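Contents: one structure, followed by commentary.
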Amino acid sequence: MQIKGETIIAASPETVWRALNDPDVLRQCIPGCESLEKVSDTEFKATVSTKIGPMQTRFNGAVTLTDLNPPHGYTISGSGSGGVAGSAKGGAKVRLEPIPEGTKLHWDVDAQVSGKLAQLGSRLIEGVAKMLSGQFFEKFATVVGTPATGAGESP
């Protein structure tokens, strides 16, 4: 499943970059985040609780940052286990573009689920993934800067 989108954040690319690497900011913005710990400059551990269709699931996972190009972007790779519900893995390319209003943040996510989660159907999973990413970026724009425009997603 692929999800692409962008949002404008009324802050400089340097400010947005620092926030994208700050566990306190990320913890506030990730829907259902119970814990987020920075293991190293390029690794995080997280526990996130979320409802996907009829299933309430807690994922324990790890995230690694690669292709770091401060303050222009990076690649995020991660995986998480939701116990009997299944697991999820994927990655995202994040790109920051300076614009007069602040920063345009672009994301391109590719994710896969397995186990019982995969049995729920791709439309449901994709809908939940789009909703959660939209919630994250809306909250992120509010925490980091005054949103210049709403988050947008392309099909």
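Results, tabulated for the structure shown:
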read-out	value
Subset of segment 21-73 (residues that are at pLDDT below 95 and among the aromatic types (F, W, Y))	F59
Subset of segment 49-88 [surrounded by 18 or more Cβ atoms within 10 Å (Cβ to Cβ), in a strand (DSSP E or B) and of a type in the set (A, V, I, L, M, F, W, C)]	I52, F59, V63, L65, I76, A88
Members of segment 22-64 that are in contact with a Ser or Thr (Cβ under 9 Å, 6 or more places away or on another chain) and basic (K, R)	R27, K45, K51, R58
Any pair with Cβ under 8 angstrom, 6 or more apart, that starts in segment 99-119 at a residue that is farther than 22 Å from T15 by Cβ and ends at one that is of a type in the set (S, T, Y)	V109/S133; V113/S87; S114/S87; G115/S87; L117/T57; L117/S87
Residues of segment 32-48 satisfying the condition of being of a type outside the set (D, E) and outside any strand (DSSP E or B)	G32, T42
Odd one out for I30, checked against (1) more than 15 Å from the chain's Cα centre (by Cα); (2) in contact (Cβ under 8 Å) with a residue 24 or more places away in the chain; (3) open to solvent by 40 Å² or more (accessible area, probe 1.4 Å)	(1)
Residue among S133, S81, S49 that is more than 16 Å from the chain's Cα centre (by Cα) and hydroxyl-bearing (S, T, Y)	S81
Sole exception among (1) at pLDDT 85 or above; (2) within 24 Å of P23 (Cα to Cα) for A148, by number	(1)
Given (1) surrounded by 15 or more Cβ atoms within 10 Å (Cβ to Cβ); (2) under 22 Å from S87 (Cα atoms), index of the condition A11 fails	(2)
Output for segment 89-138, where each listed residue is assigned to a strand (DSSP E or B), of a type in the set (V, I, T) and surrounded by 14 or more Cβ atoms within 10 Å (Cβ to Cβ)	V94, T103, V109, V113
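The values are calculated or read from the model by the stated rules, or taken from the named source; none is laboratory data. All values derive from a computational prediction rather than experimental measurement. When we count neighbours, we look across all protein chains shown, and the Cβ atoms used for this are built from the backbone with ideal geometry, even at glycine. With ligands, DNA and RNA removed, areas are computed over all heavy atoms of the protein, side chains included. Shrake-Rupley method; radii C 1.70, N 1.55, O 1.52, S 1.80 Å.
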